[in-house]
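A.B. asks: What follows is a single structure, and I will ask about it in a moment.
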Amino acid sequence: MKSWFRRHETRSFELDEAALLALVPRVRRWVVRYAGPRHDVDDLVQEALTELVASLPRFRGDASLTTYAYRIVVRATARELRKQRRVPLDFSPREATEATDSIDPERRLLDEQAITELYEALDTLSEKLREAFVLASIEQMSHAEAADLTGTSLETFRQRLKRARAHLEELLGERALSTTCQPREVCP
């Protein structure tokens with residue numbers, strides 16, 4: 001991924017436009033997976049991209065661009081969500097299930113309700129617990145990959161995931177773990 005950057009004598013990196021455009025779909029997916037299906041997802045994506053571009057002068061190339069971008073995007077999204085906590089959220093779970101038009105309407109409604117309940121419950125988690133749950137259960141990354149992406153040890157990541165699942169199970173009952181998504185299926 002370092003090839004996306006032109007290295008300068010001062011050890012700074014400059015992202016070319018094509019590389020940034022290549023990141024946009026990933027950034028959008030990360031924001032939607034972290035924040036849930038919302039009416040303002042485009043605003044959150046724009047804020048995340050703005051934060052990412054602003055932070056590029058600090059990118060040293062020690063980690064992969066994807067790892068660096070993910071951390072910036074999640075932090076920016078979490079910050080925007082904290083700002084909005086005072087305002088009631090307007091979930092749009094229909095966006096998350098529109099790709100499944102072949103599902104009967106009753107099933108689709110149940111999926112929309114489950115997604116809404118899941119993201120409302122995720123809002124009660126701390127950022128670190130939410131991130132662990134999203135990476136492992138929604139993005140379906142391996143624990144080792146997710147730990148590396150978040151910059152934590154494998155054991156720390158597993159503990160966060162365990163606490164997140166326990167909290168969600170307490171709130172949602174058995175639905176907590178059955179609400180998680182199949183890879184790139186119905187979930188946002």
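A.B. asks: Filter the stretch 135-145 down to residues that are outside any loop (DSSP other than H, G, I, E, B) and without any contact (Cβ under 8 Å) to a residue 60 or more places away in the chain and give me whichever is farthest from the chain's Cα centre (by Cα).
C.D. replies: A144
A.B. asks: Also, I was wondering about something else. Only residues in the stretch 112-134 that are in the same structural domain as E169 (by TED's automatic domain parsing) and in a loop (DSSP other than H, G, I, E, B) count as the first member; pair them with residues that are of a type in the set (F, W, Y) and modelled with pLDDT of 90 or more, Cβ under 8 angstrom, at least 6 apart or cross-chain, and list the lot.
C.D. replies: L125/F133
A.B. asks: Any residue that is outside the structural domain of E117 (by TED's automatic domain parsing), over 20 Å from E131 (Cβ atoms), surrounded by 13 or more Cβ atoms within 10 Å (Cβ to Cβ) and at pLDDT below 85 - is there at least one of those in the stretch 40-59?
C.D. replies: yes
A.B. asks: So which residues in the stretch 19-42 are among the acidic types (D, E) and in contact (Cβ under 8 Å) with a residue 12 or more places away in the chain?
C.D. replies: D40, the sole residue that qualifies.
A.B. asks: Could you pull out the residue among S142, S137 that is out of contact with any helix residue (DSSP H, G or I) (no Cβ under 6 Å at 6 or more places or on another chain), modelled with pLDDT of 85 or more and surrounded by 19 or more Cβ atoms within 10 Å (Cβ to Cβ)?
C.D. replies: Only one candidate passes the filter, namely S137.
A.B. asks: May I ask you to verify whether T116 is surrounded by fewer than 20 Cβ atoms within 10 Å (Cβ to Cβ), at pLDDT 85 or above and over 14 Å from A78 (Cα atoms)?
C.D. replies: Against the criterion (surrounded by fewer than 20 Cβ atoms within 10 Å (Cβ to Cβ), at pLDDT 85 or above and over 14 Å from A78 (Cα atoms)), T116 does not qualify.
A.B. asks: Can you tell me which of (1) at pLDDT 80 or above; (2) outside any helix (DSSP H, G or I) is the one A69 doesn't meet?
C.D. replies: Here A69 clears every test but (2).
The values are calculated or read from the model by the stated rules, or taken from the named source; none is laboratory data. Remember, predicted model here, so these are calculated numbers, not experimental data. FYI the Cβ positions are ideal-geometry reconstructions off the backbone, even for glycines, and counts take in every protein chain you see.
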